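Notes follow once the structure below has been shown.
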Amino acid sequence: MDSGAWDERYAAKDLVWGGEPNRWVAREVAEITPGRALDLAAGEGRNALWLADRGWRVTAVDFSEVALERARRRAAELAPRAAERIRWVRADLLEYVPDPAAYELVVVAYLHLPGAERRRVLRRAAAALAAGGELLVVGHDSANLTEGTGGPQDPGVLFTAQDVLADLADEPLEPVRAERVHRPVAQEAGPPKEAIDALARLRRAP
Ligand SMILES: C[S@@+](CC[C@H](N)C(=O)[O-])C[C@H]1O[C@@H](n2cnc3c(N)ncnc32)[C@H](O)[C@@H]1O
């Protein structure tokens, strides 16, 4: 999907991904001492705002102007002091090159691109980590298509945690966690179903 298609999707509905941070981002980052964070594909800013509220200085990047405008406004309304710690950047991640070695944390949540493009973005994300910094990648797992619910239906943009490790095999990063995780999803009718996510967390050598 290009930025125009994402703008249309965001314009059609408020808080497409909800207002709370993604559960895996919250779980993995809760114990990390706040510093400088980079949120790639930040969307409506749920993770960026949560990070800033915990004291992180956040650079949040997305190519949807509709999402970023909503994120800016929501952050200013809900948490004006935290909002001052967020820099919103409109950019296409296929072109965007983050400052190297500048972040203690890089989050990439639910960015689904064809493999070669995903690798390009993830390698730049890895290069943006300062010594000892951590990269957290989460997204709909390849198994979600047949065993889970929701998410993109094109297998070419799904991935596994092992795919992320393979993408970054040449980078000076140590895996901390690489796994498939299950997330309950409320249904309009009937009991909740489980979505299957890929979670990869890696650390740059100190
Ligand atoms: C499923 S949303 C996830 C948003 C956010 N990470 C979250 O978890 O709430 C994917 C986001 O990726 C953004 N995106 C997709 N391709 C992109 C690209 N090439 N450059 C920048 N942003 C992109 C979309 O605009 C969208 O906001």
Is there a residue in region 51-61 that is crowded, with 22+ Cβ neighbours inside 10 Å and of a type in the set (Phe, Trp, Tyr)? yes
A careful count of residues in region 106-128 that are away from the ligand (no atom under 13 Å from the Cβ) and either touching a Pro at 6+ places or on another chain (Cβ under 9 Å) or of a type in the set (Lys, Arg) (or both) gives 5
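Tell me, please, whether a residue that is closer than 26 Å to Thr160 by Cβ, buried (at least 16 other Cβ atoms within 10 Å of the Cβ) and either without any contact (Cβ under 8 Å) to a residue 60 or more places away in the chain or within 16 Å of the chain's Cα centre (by Cα) (or both) can be found in region 77-93. Full working, then the answer.
Filtering region 77-93 for residues closer than 26 Å to Thr160 by Cβ gives 92-93.
Still in the running and buried (at least 16 other Cβ atoms within 10 Å of the Cβ): 93.
Now narrow it down to the ones that are either without any contact (Cβ under 8 Å) to a residue 60 or more places away in the chain or within 16 Å of the chain's Cα centre (by Cα) (or both): 93.
There is at least one residue in region 77-93 that is closer than 26 Å to Thr160 by Cβ, buried (at least 16 other Cβ atoms within 10 Å of the Cβ) and either without any contact (Cβ under 8 Å) to a residue 60 or more places away in the chain or within 16 Å of the chain's Cα centre (by Cα) (or both).
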Inspect all residues belonging to region 109-121 and state whether any of them is closer than 22 Å to Ala48 by Cβ and in contact with a Lys or Arg (Cβ under 6 Å, 6 or more places away or on another chain). no
Flagged in region 1-48 as more than 10 Å from the ligand (Cβ to nearest atom), free of Cβ contacts under 8 Å to residues at least 60 places away in the same chain and not in a loop (DSSP other than H, G, I, E, B), in numbering order, are Gly4, Glu8, Ala11, Ala12, Ala26, Arg27
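Matching residues to (1) surrounded by fewer than 13 Cβ atoms within 10 Å (Cβ to Cβ); (2) assigned to a strand (DSSP E or B); (3) free of Cβ contacts under 8 Å to residues at least 24 places away in the same chain; (4) aromatic (Phe, Trp, Tyr):
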residue	(1), (2), (3), (4)
Glu69	no, no, yes, no
Arg72	no, no, no, no
Tyr96	no, no, no, yes
Val108	no, yes, no, no
Leu111	no, no, no, no
Ala116	yes, no, yes, no
Arg123	no, no, no, no
Val137	no, yes, no, no
Gly156	yes, no, no, no
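Readers should treat all values here as calculations from the given coordinates under stated rules, not as data from a laboratory. It should be emphasised that the depicted structure is a prediction, and the values quoted were computed from it without experimental measurement. Don't worry about glycine lacking a Cβ; one is built from the backbone with ideal geometry, like all the others, and counts go over all protein chains shown.
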